[in-house]
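J.: One structure coming up, written as structure tokens, with questions to follow.
The values are calculated or read from the model by the stated rules, or taken from the named source; none is laboratory data. If you're wondering where the values come from, they're calculated on a predicted model, not measured in any experiment. Neighbour counts are summed over all protein chains in view; Cβ atoms, including those assigned to glycine, are modelled from backbone coordinates with ideal geometry.
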Amino acid sequence: MSPRKGQGYESRRSERGIVFISALKGGTRRAWIDNCLSMSDPFFVGGPAASGRHLANHSKRERDSPLRADPRRLAWDILRRVEETDAYADALLGHSQSTRKLDPRDHALLTRLVYGTLAWQGYVDHILAAFSRRPPAKLDAPVRALLRLALYQVCVLTKIPPFAAVDTAVDLAKRFRGGAAAGLVNAVLRRAVSAWREVPFPSRQDDPIGYLSARLSHPRWLVERWVAQFGVDETEALLRADNESAPTVARVNQLQTNRKRVLETLRRAGRKARPSTYSPVAIQIEDGGAADALPGYAAGLFSLQGEASQLVSFVVDPQPGERVLDACAAPGGKATHMAELMRNRGEIVAIDVNSRGITRLQRMARRHGLAVLHPVAADALSWHPGEARFDRVLVDAPCSGLGTLRQHSEIKWKRKPEDITARASVQRRLLRRVSEWVRPGGVLVYATCTLTREENDDVLESFVSRHPSFVIEDPRPSLPPGARELIGGDLVLRTFPHRHGLDGFFAVRLKARG
């Protein structure tokens, strides 16, 4: 979603509105702001789709209760933690929902504010810099996060009255560290509300990199990389797609049911769902929500997994009775999908260095009734499988994740150019290591969820040049018919947000000579 104009309140009207909302007290004021926020656009920026309905009409007791979780306060807390730690927004949102049991509409608002602020952080910072005496980078992290949250509502969302966003931010600042930052927050936002549309941006013609970076909210180094790889026009389309919301996608467990039945179950429960385009077991759930609240999830009828990610398992093409290795298995979507494709017959050794990820995979396997999965907490670079080799090996390599910015907007702000070089080095070592465990005539699949040439084509070319016993094999015969168009002339699966509406993935199948 590109930045859009607000509702065009005149300064005089905004000021009167601020006086009006400031005069409202306690729960009445909070309920009024909730109603304004709930009338915003019916989808999230960078997160699961929302229902578009207004927030629930809480009783007066619920509105006035100090125990009621405030989505804006929670959003601020999450944004601070994302910036100050290695935490990721999706995990923090999931934890917030599981521990606070938010009303579904409050959770929808919380998700929208977190993902949207992260997606448009660069755009908002450009505007913030015009109204703050200190550049955004010099502000204290909590204050910076609060200003970003408020300006996202003012400058990107369309139906939130500016004075509502300002009033809420100032109120939060007053309750933080004795209110020391309240004056700064109030002054910056008051100035921005009346003049943010007049902030100049770089010219697309004279400085296309600067224009795309500021207007479409991506770090300059990344825009430079994409322009060199794709050109200006396609980069602009890619950046716009990155800022859109990723759909919530379910993968049907065909050992227990089929897509038609799951669609019927979801629709009977009032969910908006439709078949996806490329994977025959994928369903797009248009009104999203927490996974455990979806009918059939707890029973193992489906799991949540992006559609591009599902296609990787079809590239592997595991067969019943085979011995398969998933060398970087957490969080487990591909491992469980391969077990389902194998009809729960054979063996899948699923290893990952992340012990928590392995625990999650074990729970997922139990929920889906998969007996062939054998999760192991280990590092593939040092682990040894013994004498027996594998029929198929998947290396879903740790990568920069730059193909998943629709779901993980914070990645673009956390990554640095040197991270890509470091990850490519690990990927080469990992691919060399696990190739030793593929039996003659077996299959090795290398996959990432990034778009960088260094982590994709360069790693592949380096491996093939040093391992002539492996040859690239056409995966189209094993792919669903609708997905075969995603295979290029080099026989590699590539998906893009702006071309296919999918996360950016790369997958190649290599055959070991017999």
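J.: Can you name the residue in the range 376-419 that is acidic (Asp, Glu) and in contact with a helix residue (DSSP H, G or I) (Cβ under 7 Å, 6 or more places away or on another chain) and, of all such residues, is farthest from residue 88 (Cα to Cα)?
T.: Restricting attention to the range 376-419, the residues satisfying the condition of being acidic (Asp, Glu) are 379, 387, 391, 396, 410, 418-419.
Narrowing the set further to residues that are in contact with a helix residue (DSSP H, G or I) (Cβ under 7 Å, 6 or more places away or on another chain) leaves 396, 410.
Working: 396: 20, 410: 7 Å.
Per the stated criteria, the residue is 396.
Per-residue answers, yes or no, for (1) surrounded by fewer than 19 Cβ atoms within 10 Å (Cβ to Cβ); (2) touching a residue at least 60 places away in the same chain (Cβ under 8 Å); (3) under 25 Å from residue 409 (Cα atoms):
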{"site": "177", "(1), (2), (3)": "yes, no, no"}
{"site": "197", "(1), (2), (3)": "yes, yes, yes"}
{"site": "219", "(1), (2), (3)": "yes, yes, yes"}
{"site": "228", "(1), (2), (3)": "yes, no, yes"}
{"site": "232", "(1), (2), (3)": "yes, no, yes"}
{"site": "236", "(1), (2), (3)": "no, no, yes"}
{"site": "244", "(1), (2), (3)": "no, yes, yes"}
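J.: Tell me whether the range 120-131 contains one or more residues that are more than 30 Å from the chain's Cα centre (by Cα), in the same structural domain as residue 72 (by TED's automatic domain parsing), surrounded by fewer than 23 Cβ atoms within 10 Å (Cβ to Cβ) and modelled with pLDDT of 95 or more.
T.: Our first condition is that a residue be more than 30 Å from the chain's Cα centre (by Cα); within the range 120-131, this holds for 131.
Still in the running and in the same structural domain as residue 72 (by TED's automatic domain parsing): 131.
Applying the additional criterion that residues be surrounded by fewer than 23 Cβ atoms within 10 Å (Cβ to Cβ) yields 131.
Still in the running and modelled with pLDDT of 95 or more: 131.
Yes, that holds for at least one residue.
J.: Condition first: in contact with a helix residue (DSSP H, G or I) (Cβ under 7 Å, 6 or more places away or on another chain) and farther than 13 Å from residue 486 by Cβ. Now tell me which residues in the range 310-324 satisfy that.
T.: 313, 316, 317, 318, 324
J.: Out of the range 267-317, which residues are of a type in the set (Asp, Glu) and more than 18 Å from residue 407 (Cβ to Cβ)? It would help to see each step written out before you state the result.
T.: The first filter runs over the range 267-317 and keeps only residues of a type in the set (Asp, Glu), leaving 286-287, 292, 307, 317.
Within the range 267-317, 292, 317 qualify.
J.: A further question on this structure: Go through the range 104-162 and give me each residue that's among the β-branched types (Val, Ile, Thr), in contact with a helix residue (DSSP H, G or I) (Cβ under 9 Å, 6 or more places away or on another chain) and part of a loop (DSSP other than H, G, I, E, B).
T.: To start, the set of residues in the range 104-162 that are among the β-branched types (Val, Ile, Thr) comprises 111, 114, 117, 124, 127, 143, 154, 156, 158, 160.
With in contact with a helix residue (DSSP H, G or I) (Cβ under 9 Å, 6 or more places away or on another chain) added as a condition, the list becomes 111, 114, 117, 124, 127, 143, 154, 156, 160.
Of everything in the range 104-162, those that are among the β-branched types (Val, Ile, Thr), in contact with a helix residue (DSSP H, G or I) (Cβ under 9 Å, 6 or more places away or on another chain) and part of a loop (DSSP other than H, G, I, E, B) turn out to be 156, 160.
J.: Of the numbered conditions (1) of a type in the set (A, V, I, L, M); (2) buried (at least 22 other Cβ atoms within 10 Å of the Cβ); (3) part of a loop (DSSP other than H, G, I, E, B), residue 299 fails exactly one; give the number of that condition.
T.: Evaluating residue 299 over (1) of a type in the set (A, V, I, L, M); (2) buried (at least 22 other Cβ atoms within 10 Å of the Cβ); (3) part of a loop (DSSP other than H, G, I, E, B) leaves (2) as the failure.
J.: Looking only at the range 335-348, filter to residues that are in contact with a strand residue (DSSP E or B) (Cβ under 8 Å, 6 or more places away or on another chain) and in a helix (DSSP H, G or I); which one of those is farthest from residue 511 (Cα to Cα)? Walk me through it before giving the result.
T.: Narrowing the range 335-348 to residues in contact with a strand residue (DSSP E or B) (Cβ under 8 Å, 6 or more places away or on another chain): 335-339, 342, 346-348.
Now narrow it down to the ones that are in a helix (DSSP H, G or I): 335-339.
Numbers: 335: 20, 336: 23, 337: 21, 338: 18, 339: 21 Å.
Here the residue is 336.
J.: Looking only at the range 311-354, count how many residues are surrounded by fewer than 24 Cβ atoms within 10 Å (Cβ to Cβ), polar (S, T, N, Q) and over 21 Å from residue 441 (Cα atoms).
T.: Result for the range 311-354: 2.
J.: Right, another one. Could you please give the count of residues in the range 355-404 that are part of a loop (DSSP other than H, G, I, E, B) and surrounded by 16 or more Cβ atoms within 10 Å (Cβ to Cβ)? Talk me through it step by step, then tell me what you get.
T.: Residues of the range 355-404 that are part of a loop (DSSP other than H, G, I, E, B), as a first pass: 369-372, 378-389, 397-404.
Right, trim to surrounded by 16 or more Cβ atoms within 10 Å (Cβ to Cβ) and you get 370, 372, 378, 380, 383, 385, 389, 397-404.
Selection size over the range 355-404: 15.
J.: Which residue, of 166, 114, 156, is of a type in the set (A, V, I, L, M, F, W, C), more than 23 Å from the chain's Cα centre (by Cα) and either within 20 Å of residue 83 (Cβ to Cβ) or not assigned by TED's automatic domain parsing to the domain that holds residue 270 (or both)? Before the answer, list the steps.
T.: Details: 114 fails: more than 23 Å from the chain's Cα centre (by Cα); 156 fails: more than 23 Å from the chain's Cα centre (by Cα).
Step by step, each of 166, 114, 156 is checked, and only 166 is of a type in the set (A, V, I, L, M, F, W, C), more than 23 Å from the chain's Cα centre (by Cα) and either within 20 Å of residue 83 (Cβ to Cβ) or not assigned by TED's automatic domain parsing to the domain that holds residue 270 (or both).
J.: Can you tell me which residue among 429, 433 is at pLDDT 95 or above and either aromatic (Phe, Trp, Tyr) or surrounded by 15 or more Cβ atoms within 10 Å (Cβ to Cβ) (or both)? I'd like the intermediate steps shown before the answer.
T.: Details: 429 fails: either aromatic (Phe, Trp, Tyr) or surrounded by 15 or more Cβ atoms within 10 Å (Cβ to Cβ) (or both).
Being at pLDDT 95 or above and either aromatic (Phe, Trp, Tyr) or surrounded by 15 or more Cβ atoms within 10 Å (Cβ to Cβ) (or both) holds for just one of 429, 433, which is 433.
J.: Among the candidates 406, 433, which residue alone is under 30 Å from residue 276 (Cβ atoms) and among the basic types (Lys, Arg)? Explain how you work it out, then say what you get.
T.: Details: 433 fails: under 30 Å from residue 276 (Cβ atoms).
One residue alone meets the criteria, 406.
Per-residue answers, yes or no, for (1) at pLDDT below 95; (2) of a type outside the set (Phe, Trp, Tyr); (3) more than 30 Å from residue 242 (Cβ to Cβ):
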site	(1), (2), (3)
384	yes, yes, yes
398	no, yes, no
443	no, yes, yes
452	no, yes, no
470	no, no, yes
478	no, yes, no
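J.: I've got another one for you. If you check 131, 176, which single one turns out to be closer than 14 Å to residue 79 by Cβ and not hydroxyl-bearing (Ser, Thr, Tyr)? Step through it out loud before you land on a result.
T.: Numbers: 131 fails: closer than 14 Å to residue 79 by Cβ.
Just one listed residue meets the conditions, 176.
J.: Still on this structure, please answer the following. Can you tell me which of 287, 292 is touching a Ser or Thr at 6+ places or on another chain (Cβ under 6 Å) and not assigned by TED's automatic domain parsing to the domain that holds residue 156? Steps first, answer last, please.
T.: Details: 292 fails: touching a Ser or Thr at 6+ places or on another chain (Cβ under 6 Å).
Selected residue: 287, the only one of 287, 292 that is touching a Ser or Thr at 6+ places or on another chain (Cβ under 6 Å) and not assigned by TED's automatic domain parsing to the domain that holds residue 156.
J.: Do you know which of the residues in the range 246-262 that are more than 21 Å from the chain's Cα centre (by Cα) and not in a helix (DSSP H, G or I) is surrounded by the most Cβ atoms within 10 Å (Cβ to Cβ)?
T.: We begin by selecting, within the range 246-262, every residue more than 21 Å from the chain's Cα centre (by Cα); these are 253-262.
The next check asks that each one be not in a helix (DSSP H, G or I); those that pass are 253-258.
Working: 253: 24, 254: 16, 255: 16, 256: 16, 257: 16, 258: 13.
Per the criteria, the residue is 253.
J.: If we keep just the residues of the range 206-233 that are of a type in the set (Gly, Ala, Ser) and within 15 Å of residue 405 (Cα to Cα), which is nearest to the chain's Cα centre (by Cα)?
T.: Looking only at the range 206-233, we keep the residues that are of a type in the set (Gly, Ala, Ser), and these are 210, 213-214, 217, 228, 231.
Okay, now just the ones that are also within 15 Å of residue 405 (Cα to Cα), so 213, 217.
Details: 213: 20, 217: 16 Å.
Looking at the filtered set, the residue picked out is 217.
J.: As an exercise: evaluate residue 279 against (1) in a loop (DSSP other than H, G, I, E, B); (2) within 30 Å of residue 153 (Cβ to Cβ) and give the number of the one condition it does not meet.
T.: The single condition residue 279 does not satisfy is (2).
J.: Please count how many residues of the range 169-211 are among the hydroxyl-bearing types (Ser, Thr, Tyr) and within 20 Å of residue 240 (Cβ to Cβ).
T.: Taking the range 169-211 as the starting set, the residues that turn out to be among the hydroxyl-bearing types (Ser, Thr, Tyr) are 194, 203, 211.
Subsequent filtering for residues that are within 20 Å of residue 240 (Cβ to Cβ) retains 203, 211.
Of the residues in the range 169-211, 2 are among the hydroxyl-bearing types (Ser, Thr, Tyr) and within 20 Å of residue 240 (Cβ to Cβ).
J.: So, in the range 309-334, exactly how many residues are of a type outside the set (Gly, Ala, Ser) and part of a loop (DSSP other than H, G, I, E, B)? Give the steps one after another, and end with the answer.
T.: Our first condition is that a residue be of a type outside the set (Gly, Ala, Ser); within the range 309-334, this holds for 310-312, 314-320, 322-326, 328, 331, 334.
From what's left, part of a loop (DSSP other than H, G, I, E, B): 317-320, 322, 328, 331.
So the answer is 7.
J.: Sticking with this one: Would you confirm whether any residue within the range 159-168 is crowded, with 16+ Cβ neighbours inside 10 Å, more than 23 Å from residue 243 (Cβ to Cβ) and among the polar types (S, T, N, Q)?
T.: Yes, the conditions are met somewhere in the range 159-168.
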